[in-house]
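Novice: What follows is a single structure, and I will ask about it in a moment.
The values are calculated or read from the model by the stated rules, or taken from the named source; none is laboratory data. What you are looking at is a predicted structure, and each value in this text was computed from that prediction instead of being measured. Cβ placement follows ideal geometry from the backbone for every residue including glycine, while neighbour counts extend to all protein chains displayed. The protein model used for the area step is the full one, side chains on, heavy atoms only, and it has no ligands, DNA or RNA in it. Shrake-Rupley method; radii C 1.70, N 1.55, O 1.52, S 1.80 Å.
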Amino acid sequence: MYQKGGLPQYTDFPEPASQNDDEVLVTVKAVAIKHFDKGVAAGSHYSSEAPKQNGRVIGGDGVCLLANGTRVYAIGVSGMLAEKATIRKSYTVPVPDGLDDATAAALPNGIMGAAMGLKFKANIQAGDVVLINGATGFTGRIAVQIAKHYGAKKIIVTGRNQQSLNDLLSLGADETVSVLQDDENFKAQLTAIHEATPIDIIIDYLWGHTAEMILACIKGDGSFTNKIRYVSIGSMGGDLIQLSAANLRSVDLKLNGSGLGAWSKQQVGQLISEILPEMFLLAVQGKLKIETTRVKLEDITDLWNLDVPGGQRLVVTI
Ligand SMILES: NC(=O)c1ccc[n+]([C@@H]2O[C@H](COP(=O)([O-])OP(=O)(O)OC[C@H]3O[C@@H](n4cnc5c(N)ncnc54)[C@H](OP(=O)(O)O)[C@@H]3O)[C@@H](O)[C@H]2O)c1
């Protein structure tokens, strides 16, 4: 349970009850703690509602057991960071044997943050050149692997942690650009890359100043330009940018976002019925790699703000 802005508390509360035929009570096994959950708990995520008077249960999704013992990934109706939760049967994905609870709980948010943008917002095609801004985090690492899986010809990654950038080369990235170098060097490196191999897709987890620099790098001079699909997915580097109208007019650019509210019902349906099952299988085959840091539910107050190693996801197991 948590109160808006406070630390979650491990405490007793009444078992949630299903409200209609699609909702069922489940036994929860693992829940990943994502920026989304932290934003909802803090009341800062754009989807967060006002918390109820007596607090709420946190955890938007997780891996659980249905009454018949089937192990599924599900999106919670009630908060899932609890022994029992209610979920919608129509929003479940079977977890294949060979995928442990924590990995299956951690994968979906990263897959949403990568595949939904690449597939539906950027319409990725085999042979595309993809730039991933801020690829060193959990979701960026997944985006590199999924972009490769979808046939990207070249993947350029940016980030500030050099060790993480090097790790990305072994996951499928072809070229790294440090955001820690000064602005002129960053822009010179990216402009040279864009001239040599025109960028088709930009997937952005940072926004803020690096997005301004990237937009400056792709600015045209009045001649024909490559068509670029720019998808904003996260804002680790800041929520606002300055965007010059001339910059926008100078390039064949489609600028959009990918997140809750930006996807159609049909696209979310495809996520559940096709994308997550496909990616779960890739993970079982060792072709989609992630790392998790696992903690116990009863330790949640102390470990809510645990600083996990770069690129890993905190997962609560129950
Ligand atoms: N819309 C969606 O569907 C969706 C889905 C998933 C995630 N997201 C969003 O995507 C973003 C990344 O999520 P995540 O799961 O990858 O988080 P994460 O695992 O915590 O990774 C965040 C990464 O951002 C880097 N970073 C933070 N501030 C930076 C800065 N100023 N400059 C350069 N790098 C910086 C961190 O680098 P260090 O390692 O150096 O600290 C870290 O590698 C978040 O904003 C999240 O909310 C959106």
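Novice: Could you give me the ³J(HN,Hα) list for the stretch 97-113, computed from phi with Karplus coefficients 6.51, -1.76, 1.60 and θ = phi - 60°, whole Hz, x at Gly and Pro?
Specialist: Along the stretch 97-113, the couplings run 4, x, 10, 6, 4, 5, 5, 5, 6, 7, 4, x, 5, x, 5, 4, x Hz.
Novice: Determine the per residue accessible area of the chain with all protein chains present and a 1.4 angstrom probe, expressed in square angstrom.
Specialist: Numbers: 14700 Å² over 318 residues.
On a per-residue basis, 46 Å².
Novice: Each residue of the stretch 208-213 in order: what ³J(HN,Hα) in whole Hz does its phi give by Karplus 6.51 cos²θ - 1.76 cosθ + 1.60, θ = phi - 60°, with x for Gly and Pro?
Specialist: x, 4, 5, 5, 4, 5
Novice: Okay, next question. With each label point set 7 Å from Cα along the Cα-Cβ vector, what nm distance links Glu15 and Lys187?
Specialist: 6.2 nm
Novice: With a 10 Å radius around each residue's Cβ, average the other Cβ atoms per peptide and rank 155-167, 284-296, 10-22, highest first. If you can, show how the numbers build up before the last one.
Specialist: On the way: 155-167: 19.8, 284-296: 15.4, 10-22: 11.0.
Put in order of decreasing packing, that is 155-167, 284-296, 10-22.
Novice: On to the next question. What share of the DSSP beta bridges in the chain is antiparallel, in percent to the nearest 5? Intermediate values should be presented prior to the final figure.
Specialist: Details: 22 of 49 bridges.
Looking only at bridges with both residues in the chain, the antiparallel portion is about 45 percent.
Novice: Near Lys38, which lysines are there with a Cα under 18 Å away, not counting those fewer than 8 places off in the same chain?
Specialist: Excluding near neighbours in sequence, the set is Lys4, Lys52, Lys296.
Novice: Another question, then. With θ set to phi - 60° and the Karplus curve 6.51 cos²θ - 1.76 cosθ + 1.60, what are the ³J(HN,Hα) couplings of the stretch 78-95 in order, to the nearest whole Hz, using x for Gly and Pro?
Specialist: 8, x, 9, 7, 6, 5, 10, 8, 9, 9, 8, 4, 6, 10, 10, 10, x, 9
Novice: For the chain, what does the relative contact order come out to in percent, with C-alpha contacts under 8 Å and a separation of six or more? Let's see the in-between values first.
Specialist: Details: 656 pairs, mean separation 61.3, N = 318.
Once divided by the residue count of the chain, the mean separation gives 19 percent.
Novice: Counting only protein heavy atoms and using a 1.4 Å probe, what share of the accessible area of the stretch 28-127 belongs to carbon plus sulfur, as a whole percent? Kindly include the intermediate steps, with their values, before the conclusion.
Specialist: On the way: 1870 of 3880 Å².
Using a 1.4 Å probe with all protein chains present, the stretch 28-127 comes out at 48 percent carbon and sulfur.
Novice: Moving on to the next point. At a temperature of 25 °C and a viscosity of 0.890 mPa s, determine how fast the stretch 111-257 diffuses translationally according to Stokes-Einstein, using the Kirkwood radius over alpha-carbon pairs as Rh; express D in µm²/s, rounded to the nearest whole number.
Specialist: Working: Rh = 14.9 Å.
Calculated translational D: 165 µm²/s.
Novice: If you don't mind, another one. Put +1 on the Cβ of every Lys and Arg and -1 on every Asp and Glu Cβ in the stretch 111-257; which of Phe138, Ala245, Ala196 then has its Cα farthest towards the positive end of the dipole?
Specialist: Looking along the dipole axis, the top candidate is Phe138.
Novice: Let me have the relative contact order for the stretch 229-318, percent, based on Cα pairs under 8 Å that are six or more residues apart. Before the final figure, lay out each step's value.
Specialist: Details: 52 pairs, mean separation 20.9, N = 90.
23 percent.
Novice: On a straight-distance basis, which lysines could pair with Lys227 in a cross-link, Cα separation under 23 angstrom, same-chain partners fewer than 8 positions away excluded?
Specialist: Lys119, Lys121, Lys148, Lys153, Lys154, Lys187, Lys219, Lys254
Novice: While we're here: Which sequence of His194, His209 reflects their accessible areas, 1.4 Å probe, from the largest down?
Specialist: Values: His194 35, His209 90 Å².
Ranking His194, His209 by accessible area, largest first, yields His209, His194.
Novice: Taking the Cα centre of the chain as the origin, how large is its charge dipole in debye, to the nearest 20, when only Lys and Arg (+1) and Asp and Glu (-1) carry charge on their Cβ atoms?
Specialist: Numbers: 29 positive and 33 negative charges, 99 e Å.
The dipole magnitude comes to about 480 debye.
Novice: To test your reading of the geometry: what angle, between 0 and 90 degrees and rounded to tens, separates the Cα axis of helix 183-196 from the longest principal axis of the chain?
Specialist: For 183-196 against the chain, the angle is about 80 degrees.
Novice: Leaving ligands and nucleic acids out of the surface, order Val315, Val24 by accessible area at 1.4 Å, largest first. Don't jump to the answer; show the numbers that get you there.
Specialist: On the way: Val315 0, Val24 35 Å².
Reading off the accessible areas and sorting them downward yields Val24, Val315.
Novice: Okay, moving on. Ratio of alpha-carbon Rg to the 2.2 N^0.38 Å globular estimate for the chain, to two decimals, please.
Specialist: 1.03
Novice: Another question, then. Output the relative contact order of the stretch 111-257, whole-number percent, from Cα pairs under 8 angstrom with separation of 6+ residues. Write out the running numbers ahead of the final one.
Specialist: Details: 293 pairs, mean separation 33.8, N = 147.
RCO, the stretch 111-257: 23 percent.
Novice: Amide H neighbours of Gly60 under 5 Å, at least 5 residues apart or on other chains, H built in the peptide plane: list them.
Specialist: Those qualifying (amide H under 5 Å, at least 5 residues apart or on another chain) are Met80.
Novice: Further question: Considering only C-alpha atoms, what is the centroid distance from the stretch 134-189 to the stretch 221-277, in Å?
Specialist: The stretch 134-189 and the stretch 221-277 have Cα centres spaced 18 Å from each other.
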